[in-house]
Amino acid sequence: PGLIFKDALYLNFHLFKKSIWQLLIFAFPMVLAGTALIALITYNIFPYGWSFNFCMTFGSILSATDPVAVAALLEAVGAPPRLKVHISGESLLNDGSAMVFYTIFSGLYLLETGLPGLGEDY
């Protein structure tokens, strides 16, 4: 949360607004693809017998990338502001979409368990 706040605080809103469609194309579908790929690998290769909804929950945790080192490097070399906005904006949207996917798939997994009171909102 601290890194998300820092990125959001120092983000150039005008450039973010201009490039929102590019960021949305990169963030949401690619995080979902990463989530699904990790889930397929864990479902088919790991010998734990996890359900697919649990594998999707696991994939949503691992799929969000954090470009802290890249952002620091861009600051050090004096990269153009638009590139900084693309990296920071995509990072923000990646984290947000991973949180949404985690909420969805963890709720489905908890509903799948059948325990009373868990996942009933879904």
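The values are calculated or read from the model by the stated rules, or taken from the named source; none is laboratory data. Computed from a predicted structure; not experimentally measured. Because the Cβ atoms are built from the backbone with ideal geometry, glycine has one as well, and the counts that use them run over all protein chains shown. SASA here: full protein model, heavy atoms, side chains in, ligands and nucleic acids out. Shrake-Rupley method; radii C 1.70, N 1.55, O 1.52, S 1.80 Å.
The table for this structure:
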item	result
Alpha carbon convex hull of the chain, volume per residue in cubic angstrom	123
In the stretch 15-66, the chymotrypsin sites (Phe, Trp or Tyr not before Pro) that fall in loop regions by DSSP, at most 13 other Cβ within 10 Å	TYR48
Surface per residue (accessible, 1.4 Å probe) for the chain, Å²	64
Axial C-alpha extent at least 18 Å, average Kyte-Doolittle at least 0.5 - helices from the chain (DSSP)	20-45
Rounded percent of accessible protein surface that carbon and sulfur make up, the chain, 1.4 Å probe	71
